[in-house]
Structures are given as C-alpha cells and as structure tokens.
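Undergrad: Below is one structure. I have some questions about it.
The values are calculated or read from the model by the stated rules, or taken from the named source; none is laboratory data. Quick caveat: nothing in here was measured; it's all calculated off a predicted structure. Methodologically, a virtual Cβ is constructed for each residue, glycine included, from the backbone with ideal geometry; neighbour enumeration extends over all protein chains shown. Calculation scope for accessible area: heavy atoms of the full protein, side chains included, ligands and nucleic acids excluded. Shrake-Rupley method; radii C 1.70, N 1.55, O 1.52, S 1.80 Å.
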Amino acid sequence: MTTLAINNLNVTFSTEAGPLHALKNVTFDIPENRIVGIVGESGCGKSTLINAILGLLADNGTVDDGSILFEGADELTTLSASRMRDLRGPRISTVFQDPMGALNPVISVGRQMINIQYRSDLSKEEKTQRAIDMLELVRIPDARAALGRYPHQFSGGMKQRIAIAMALMMEPALLIADEPTTALDATLEVTTIELLKDLQQEIGCSVMFISHHLGVIAELCDDVVVMYAGEVVERGTTRQIFQNPRHPYTARLLECDPARQSERTRHLPTIPGEIPDLRARPPGCIFANRCHRVQPACTAPPPDAVIVDGHIARCFVANEPTEVGGIA
Amino acid sequence: MSTDPILKVEDVQVSFPTGGLGRRSSILGVAGVSFEVHPGETFALVGESGSGKTTLARAVNGLQPISEGAITFEGQRIDTLDRRSMKPVRRRMSMMFQDPVGSLSPRMTVGDLVTEPFRIHGVEGRNLREEAARLLTLVGLPVDFVGRFPHQLSGGQARRVGVARAIALDPALIIADEPTAGLDVSVQGEVLNLLNDLRERLGLAMMIITHNLHVVHHVADRTAVMYLGRFMEAGNTEDVFGAPQHPYSAALLSANPEPDPDKVHDRITLPAEVPSLLARPRGCEFHTRCPWVRDNCRSEPPVRHHENGRTVACHFPLEPGARPPVAETSPA
C-alpha cells in the first residue's frame with residue numbers, strides 16, 4: 001500500500017504582485033516502509049510541500065488542483081480541521097532541523113514525553129515506561145534519569161534523538177524529517193541517520209527525508225525525488241538517480257557536489273543562472289533558461305518521460321543518451 | 001609562511017558565567033586556542049554545533065570578550081581595545097553571519113545594505129551610488145538590484161549581498177560563519193567561487209567556519225578541527241585530510257557521507273556522547289569517546305605535538321591509515 005500518494009498537486013500563494021505558483025503538477029508516492037528523500041535548493045517548494053501535507057499552508061496559500069491521499073483513505077487537501085488534528089502527531093509526525101524548536105525548554109523531557117501521549121489510554125506508569133523505552137531506543141544513556149532533565153542538559157545530537165523519539169512515540173505511518181542532521185557534525189550525522197534507519201525498520205513507518213546533503217540522501221534513502229522551482233523534475237530509486245540521472249538539472253546538481261570532485265580544486269562547478277520568477281513561470285520547461293541541453297521544443301511543457309518503471313524525468317531529452325554518461 | 005601573520009590568536013579562552021544565586025561558576029566555550037592566519041590564506045574551522053567555532057569567531061571580531069590570551073591583528077593587540085577603538089579595526093576585518101537573509105535588514109534596499117558600512121564608519125567623499133554599483137558588479141549581481149528588498153532575493157543572491165557588504169571597506173580579513181549553510185550544492189559552489197575569486201583579486205585572508213568537510217577540502221589551505229572548545233588537530237588541509245593524526249579528526253573524516261549509494265564505508269564509530277561543557281572529562285577531553293583510549297589518556301591532558309606546521313593534541317598521534325585497536329561494538 002502507498003502511505004502517501006501525491007497526485008498532480010498545485011499550490012498557489014496570492015501575493016501583492018500577483019499569484020505565485022509555488023508547486024506545479026507535483027506527483028510522487030511515498031510507498032509503505034520506504035524512506036523517500038527530497039532534494040532541492042532553498043525556494044524549490046519543499047516547505048510548501050510539507051505544509052500542504054500537514055494542512056498548514058499560510059492563509060494566502062491554496063491548493064488549486066490535485067490530491068494528497070494518505071493511507072489510501074484520507075484526502076488531505078479537503079480534510080476537516082478536526083480529522084487533520086487527529087492525524088497530525090499520531091499518524092503523521094515531524095522532526096525539524098533545530099531540535100530546540102521541538103522541545104519546550106522549561107518542561108522536563110519526561111513530562112513532555114508523557115504529555116504528548118494524551119490521546120493514549122495507557123496509565124501514567126505505562127506512559128512513563130513507554131517514554132523510557134523510546135529514549136532507550138534512541139540510545140539515550142540512563143533513560144530513566146534522563147526523564148527528569150531539561151532539554152538544555154543534553155547535547156545537540158541527543159536533543160535531536162529525543163525529538164526523533166517523540167516523533168515516533170505514537171508509531172506514526174509517516175515521519176516527515178526536514179533537514180534533521182544539518183546541525184550535527186559528520187560523526188553524529190551518521191549515527192543519527194543509522195538510528196533513523198533502524199527505527200524506521202522497527203516501527204515500520206515511511207519517512208519523507210528532506211536534505212541538501214546528497215551524501216546523506218544517498219546513504220539513507222530508498223527513493224529520491226528531485227525538486228526544482230516547485231516541480232518534481234525527476235524521481236526514481238536512489239541508485240537510478242545517483243547513477244543514471246536523466247534530467248539535466250539532476251545531472252548538473254550531482255556534478256556540483258564538492259564530494260564528487262576527488263581532485264582538490266579551488267573552482268567548484270556551478271549551474272549558471274537563476275531560478276525563474278515563480279510569479280511569471282515560463283510556459284515551457286522550468287529549467288530551460290539554465291539547461292545545457294536546451295532545444296527548441298523546450299518552450300512547450302515537457303512530458304513526464306518514463307525511463308524505466310518508477311524512474312521518471314520531466315524532460316524532452318530524458319530518454320536520449322547523454323554525452324557524459326551521467327557520472328562525473 | 002615567510003610573511004607576518006595578519007591574525008594571531010594566542011591561548012585564547014572565552015568563559016561564560018553559569019549557575020544562579022550562590023552557585024556562580026563558569027564554563028569555557030573556547031578553552032585555550034592558538035592559530036595564525038596569513039595574508040591571502042584560507043583557514044577553516046570545523047567541528048560540530050556547540051564546539052565553540054562561532055564563539056571563537058566572535059571573539060576574534062571583538063564581539064565576545066575573552067577571558068585569557070591575546071589576539072593580534074595587523075600587528076596590533078585588539079582584545080584589549082574598547083568599543084570605540086575597535087571600530088576602525090572592524091573596517092579591516094569583516095564578518096559574514098550565518099543566516100543569509102536574516103542578516104540583512106528587511107526594510108533596507110540592496111543599495112542601502114551594501115553601502116551601509118560606509119555610513120556606519122563615516123567614510124566620506126565617496127559617491128555611494130557608484131560604490132553600490134561597483135560592489136554589486138564585484139559580487140556578480142546586476143546593478144539594477146539596488147532597488148530590491150531582501151525578500152525579493154534568492155538564498156544565493158542574499159549571500160552575494162552579504163559578501164558585498166563584507167568587502168565594502170576593503171578589509172584584509174573576512175570571517176565567514178557557515179557561508180554556505182542552507183544553500184544547495186550549485187549555489188554553494190557559486191558563493192565559494194566568489195569568495196575565492198575575491199580572495200585572489202583583493203589579496204584577502206579568510207577564516208571560514210563550517211561543518212561541511214567536502215567544502216573545507218576544496219577551499220581551505222589550513223584546517224583546524226575543534227572539539228569542546230579546543231583544537232584537536234590543525235594543519236595543512238591536505239595533510240589533515242590525507243592522514244589525520246587525531247582520533248577525532250580521523251573519525252570525522254571517515255564518517256563523512258558520500259553521494260554514492262554503493263559506497264562501502266570503513267567508518268570509525270565513536271561510542272558515547274559529547275560531554276557537557278559543565279563536566280569536562282579529566283585528562284584528554286576526548287578520551288570518553290576515543291576508540292584508541294589508553295590509561296594515561298584518562299588522567300593526563302595531552303601535550304600538543306608540533307611538527308611541520310601541524311598541531312595534534314593527543315598522547316598517541318595516529319599513524320596513517322590507523323584502525324581502531326579492538327573490534328568495534330555498536331554504540332551502547
């Protein structure tokens with residue numbers, strides 16, 4: 001079954017300078033029990049996507065078209081506010097970049113972990129035990145004593161693990177993790193993603209993992225969705241995306257990663273140009289003004305070309321051979 | 001390193017008071033750090049959030065008083081200067097702060113933002129409109145951006161405006177705190193290339209703070225690895241990356257995720273947690289997590305080894321390619 005099926009989603013914000021088309025024809029699935037990575041630069045619509053899923057779009061934002069189907073039953077774009085509240089937390093939970101934003105600094109960790117179980121019928125003792133179990137699961141040493149401590153008494157890595165424990169406490173079907181490892185050093189980043197992988201297996205949930213860090217995506221995710229200027233330009237399995245990128249943006253993005261330059265260089269590769277103004281989207285391909293393989297046809301909207309089943313690129317030339325073979 | 005250093009930091013400590021009534025004590029955010037930055041050189045500080053990188057940068061810039069040590073900039077002792085005498089120093093040493101959009105006032109236009117340094121420092125006799133055009137061209141932005149507001153900029157453009165502000169008064173040193181955080185890899189490359197071009201053209205020295213090791217590898221001449229407010233290891237970037245001698249740098253470098261789903265990692269996993277600054281471990285402060293720990297690491301602070309411009313704070317510096325001595329167990 002598919003945990004989250006996003007189909008042809010369009011979101012517009014009304015601004016003083018006219019409507020801003022923040023998400024355009026976004027389609028992808030988060031299958032059950034899989035970790036799906038979302039890659040894209042700031043402004044590509046990742047936050048809008050999260051807010052659309054959680055029903056938290058700002059007042060000037062509207063879903064014009066499309067659907068977000070959760071567990072095959074709930075249509076999130078038209079869900080009532082009260083049903084949405086029932087889903088947020090127990091069924092769909094989130095972890096953000098800054099764990100201090102998720103933890104209340106003046107309430108002990110234990111109390112926060114018990115409080116968030118307010119929907120559960122367990123007794124106080126059982127809830128406490130559940131909190132201890134979760135802290136042990138995220139490898140917080142001396143979990144029982146940790147319950148009495150306050151967020152500032154933990155290190156950055158531990159705070160993020162506590163935030164993950166709280167997000168997974170109610171065993172949600174979907175965890176949305178928005179750059180959860182960005183503030184951590186490489187050793188803690190790796191431990192945190194390994195932990196996330198283990199917990200995902202154990203709880204059997206799906207994860208939508210958002211990151212700029214291509215290395216982390218490659219290591220953690222099963223599938224990858226590449227977003228650019230509010231569109232999904234390519235999606236596929238992690239291997240398909242990293243080893244055989246078919247959209248020119250994906251290919252260039254991977255080439256730009258300094259981690260791929262094994263020779264030390266002072267001049268890092270870039271993608272020249274800027275994202276077009278989303279208030280005046282070009283009628284054709286959104287990447288055409290920066291694309292190294294642009295053709296006359298690109299002034300018309302490109303198709304979602306199927307490379308193989310499940311590997312899709314929104315590009316006219318996606319099925320033509322590339323001159324560099326994809327890997328830099 | 002025949003030239004005189006532009007910045008010399010000697011045994012600097014920064015302490016923060018903690019505790020409330022009757023229980024006053026202090027913690028060391030920076031616990032005795034020494035380094036030099038030479039003209040035209042890029043010096044990188046790496047370490048996790050909370051390791052003291054930003055505190056150290058703020059101390060260098062005079063935004064954070066230091067409790068011990070000395071900071072010398074262009075031959076002048078600057079840690080003892082008061083606010084007023086520090087002001088001219090800041091013309092020569094500019095700082096780029098972390099959040100690209102947040103560090104720009106939302107109500108000022110780009111033109112006002114890039115010329116604000118001239119007004120703050122009372123630089124007269126300059127045509128500000130021309131200066132704005134010059135600076136925007138220098139950082140690769142169209143001159144007609146002068147009328148835009150920060151919310152009309154992309155992350156990369158906002159960063160360029162930040163760079164323009166930083167170079168406005170012809171500084172000798174730029175301190176850039178996470179100059180690429182939150183930018184995607186292509187925009188990150190643009191910003192780093194820009195900084196590097198300016199460094200070459202204007203002969204700037206740079207101090208870059210980041211936790212992106214891939215970035216450090218490409219842009220930095222020298223790198224210092226920070227942990228709990230101290231340098232664990234410092235040296236030429238290629239030496240440190242090629243053969244780390246401190247167990248923490250070795251672990252950091254081995255952990256670095258790479259964009260290849262089939263990569264087989266040979267990682268050094270670190271057990272236990274980062275200790276609290278309130279309870280620094282005895283002896284070597286890394287011993288609680290060190291896979292190579294031996295008895296005297298637990299009781300005696302390591303002596304710094306200096307060799308060929310390289311510093312390692314370890315009793316037993318690693319040989320190239322060293323692996324942890326015992327079979328690793330998964331972290332408890």
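Undergrad: Out of (1) touching a Lys or Arg at 6+ places or on another chain (Cβ under 8 Å); (2) more than 30 Å from B:Glu200 (Cβ to Cβ), the odd one out for A:Gly273 is which?
TA: (2)
Undergrad: Being in a strand (DSSP E or B) and charged (D, E, K, R) is the filter; apply it to the stretch A:1-37 and report the residue that is least open to solvent (accessible area, probe 1.4 Å).
TA: Among residues in the stretch A:1-37 that are in a strand (DSSP E or B) and charged (D, E, K, R), the one least open to solvent (accessible area, probe 1.4 Å) is A:Lys24.
Undergrad: Determine which member of the set B:Thr42, B:Thr18 is more than 14 Å from B:Tyr227 (Cα to Cα) and open to solvent by 20 Å² or more (accessible area, probe 1.4 Å).
TA: Criteria check complete, one pass: B:Thr18.
Undergrad: Scan the stretch A:297-308 and report the pairs whose first residue is closer than 14 Å to A:Asn25 by Cβ and whose second residue is surrounded by 15 or more Cβ atoms within 10 Å (Cβ to Cβ) and among the basic types (Lys, Arg), with Cβ atoms within less than 6 Å and a gap of 6+ or a chain change.
TA: These pairs meet every condition: A:Pro302/A:Arg314; A:Asp304/A:Arg314.
Undergrad: Among (1) outside the structural domain of B:Leu138 (by TED's automatic domain parsing); (2) free of Cβ contacts under 8 Å to residues at least 12 places away in the same chain, there is one condition B:Ala250 misses while meeting the rest; what is its number?
TA: For B:Ala250, the exception is condition (2).
Undergrad: Which residue, of B:Glu200, B:Glu190, is in a helix (DSSP H, G or I), open to solvent by 20 Å² or more (accessible area, probe 1.4 Å) and either more than 10 Å from chain A (Cβ to nearest Cβ) or modelled with pLDDT of 90 or more (or both)?
TA: Working: B:Glu190 fails: either more than 10 Å from chain A (Cβ to nearest Cβ) or modelled with pLDDT of 90 or more (or both).
Result of the check over B:Glu200, B:Glu190: B:Glu200.
Undergrad: With the structure loaded, tell me whether B:Glu285 is open to solvent by less than 30 Å² (accessible area, probe 1.4 Å) and modelled with pLDDT of 95 or more or whether it fails that test.
TA: Values: open to solvent by less than 30 Å² (accessible area, probe 1.4 Å): yes; modelled with pLDDT of 95 or more: no.
Criteria not met by B:Glu285.
Undergrad: Follow-up question, since we're still on this one. What are the residues in the stretch A:197-227 that are open to solvent by 10 Å² or more (accessible area, probe 1.4 Å) and either assigned to a helix (DSSP H, G or I) or not assigned by TED's automatic domain parsing to the domain that holds A:Lys24 (or both), if any?
TA: Hits for the stretch A:197-227 are A:Lys197, A:Asp198, A:Gln201, A:Glu202, A:Ile203, A:Glu219.
Undergrad: Sticking with this structure for a sec: Within the stretch A:194-217, work out how many residues are among the hydrophobic types (A, V, I, L, M, F, W, C), facing chain B (nearest Cβ under 10 Å) and within 21 Å of A:Glu41 (Cβ to Cβ). If you could, list the steps in order and put the result at the bottom.
TA: Restricting attention to the stretch A:194-217, the residues satisfying the condition of being among the hydrophobic types (A, V, I, L, M, F, W, C) are A:195-196, A:199, A:203, A:205, A:207-210, A:214, A:216-217.
Of the ones still in play, those that are also facing chain B (nearest Cβ under 10 Å) are A:195, A:214, A:216-217.
Checking which are within 21 Å of A:Glu41 (Cβ to Cβ) leaves us with A:214, A:216-217.
Matching residues across the stretch A:194-217 total 3.
Undergrad: While we're on this one: In the stretch A:69-102, which residue that is of a type in the set (Asp, Glu) and not in a strand (DSSP E or B) is farthest from B:Ser49 (Cα to Cα)?
TA: My answer is A:Glu71.
Undergrad: Against the definition (away from every other protein chain (no Cβ under 12 Å) and buried (at least 17 other Cβ atoms within 10 Å of the Cβ)), how does B:Ala313 come out, yes or no?
TA: yes
Undergrad: Could I ask something else about it? Being more than 24 Å from A:Arg279 (Cα to Cα) and either at the interface with chain B (Cβ under 9 Å from one of its Cβ atoms) or assigned to a strand (DSSP E or B) (or both) is the filter here, so list the residues in the stretch A:232-249 that pass it.
TA: Selection gives A:Arg235, A:Gly236, A:Thr237, A:Thr238, A:Arg239, A:Ile241, A:Phe242, A:Gln243.
Undergrad: Which of the following residues is within 14 Å of chain B (Cβ to nearest Cβ), modelled with pLDDT under 95 and open to solvent by less than 80 Å² (accessible area, probe 1.4 Å): A:Ala318, A:Ala259? If you could, list the steps in order and put the result at the bottom.
TA: Working: A:Ala318 fails: within 14 Å of chain B (Cβ to nearest Cβ).
Checking each option against the conditions leaves just A:Ala259.
Undergrad: Which residues, taken from the stretch B:257-275, are at the interface with chain A (Cβ under 7 Å from one of its Cβ atoms) and open to solvent by 40 Å² or more (accessible area, probe 1.4 Å)?
TA: B:Glu258, B:Asp260
Undergrad: Taking only pairs six or more apart or across chains, which ones have beta-carbon atoms under 7 Å, a first residue in the stretch B:205-232 that is within 14 Å of B:Val30 (Cβ to Cβ), and a second residue that is in a loop (DSSP other than H, G, I, E, B) and polar (S, T, N, Q)?
TA: If the second residue must be in a loop (DSSP other than H, G, I, E, B) and polar (S, T, N, Q), the pairs left are B:Met226/B:Ser51; B:Tyr227/B:Ser51; B:Leu228/B:Ser51; B:Gly229/B:Ser51.
Undergrad: Now for a separate question. Read through the list (1) open to solvent by less than 10 Å² (accessible area, probe 1.4 Å); (2) closer than 24 Å to A:Ala305 by Cα; (3) assigned to a helix (DSSP H, G or I), then give the number of the only condition that A:Ile162 fails.
TA: It is condition (2) that A:Ile162 fails.
Undergrad: Still on this structure: Run down A:Arg264, A:Arg252 and say which single residue is farther than 19 Å from A:Arg314 by Cα, within 12 Å of another protein chain (Cβ to nearest Cβ) and among the charged types (D, E, K, R).
TA: Going through A:Arg264, A:Arg252 in turn, just one is farther than 19 Å from A:Arg314 by Cα, within 12 Å of another protein chain (Cβ to nearest Cβ) and among the charged types (D, E, K, R): A:Arg264.
Undergrad: Report yes if some residue within the stretch B:214-222 is under 19 Å from the mean Cα position of the chain (by Cα), among the small types (Gly, Ala, Ser) and open to solvent by 30 Å² or more (accessible area, probe 1.4 Å); otherwise report no.
TA: No.
Undergrad: Being outside any helix (DSSP H, G or I) and either small (Gly, Ala, Ser) or more than 29 Å from A:Ala229 (Cα to Cα) (or both) narrows it down to one residue among B:Pro117, B:Pro106, B:Pro179, B:Pro171; which is it? Spell out the reasoning first.
TA: Details: B:Pro117 fails: outside any helix (DSSP H, G or I); B:Pro106 fails: either small (Gly, Ala, Ser) or more than 29 Å from A:Ala229 (Cα to Cα) (or both); B:Pro179 fails: either small (Gly, Ala, Ser) or more than 29 Å from A:Ala229 (Cα to Cα) (or both).
The unique qualifying residue is B:Pro171.
Undergrad: Let me ask something else. Exactly one of these conditions fails for A:Ala229: (1) on the phi < 0 side of the Ramachandran plot; (2) within 11 Å of chain B (Cβ to nearest Cβ). Give me its number.
TA: The single condition A:Ala229 does not satisfy is (1).
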